[in-house]
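Visitor: Here it is: the structure, laid out below.
The numbers here are math on the coordinates, done by the rules we state, and not lab data. Bear in mind the structure is a predicted one, so any value in this text is a computation, not a measurement. A quick note on method: Cβ atoms are made from the backbone with ideal geometry, for glycine too, and the neighbour counts reach across all protein chains shown.
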Amino acid sequence: MEQYTIIIILIALAIAISAVAFKKNLPYPVLLLFSGIIVGFIPEFERINIEPKVVFLIFHTVHYYSENIL
């Protein structure tokens, strides 16, 4: 269950940063890069072990869905 909590926190952080970038009219990939570097220095996020099937389930589903829309 801890894996899902970490993933939800990281996704919420990415959504919040994208919203701030949109409001400030900044390129969101740059802000996401800098926030990823900052999160990397937080001790709780130093070692994140996520099972491959969880990553596949979350990211492959989103990618597959977005490809079908286009």
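Visitor: With r defined as the distance between the Cβ atoms of PHE59 and VAL20 and R0 fixed at 25 Å, what FRET efficiency is calculated, to the nearest 0.05?
Guide: On the way: r = 23 Å, r/R0 = 0.91.
Given R0 = 25 Å and the Cβ-Cβ separation, E is 0.65.
Visitor: Another question, if that's okay. Please give the direction-averaged projected area of the C-alpha convex hull for the stretch 1-52, in square nanometres with one decimal.
Guide: The directionally averaged projection comes out at 3.9 nm².
Visitor: In whole Hz, with x marking every Gly and Pro, tabulate ³J(HN,Hα) for the stretch 10-23 from phi via Karplus 6.51 cos²θ - 1.76 cosθ + 1.60, θ = phi - 60°.
Guide: Whole-Hz 3J(HN,Hα) from phi for the stretch 10-23: 5, 5, 5, 5, 5, 5, 5, 5, 5, 5, 5, 4, 5, 5.
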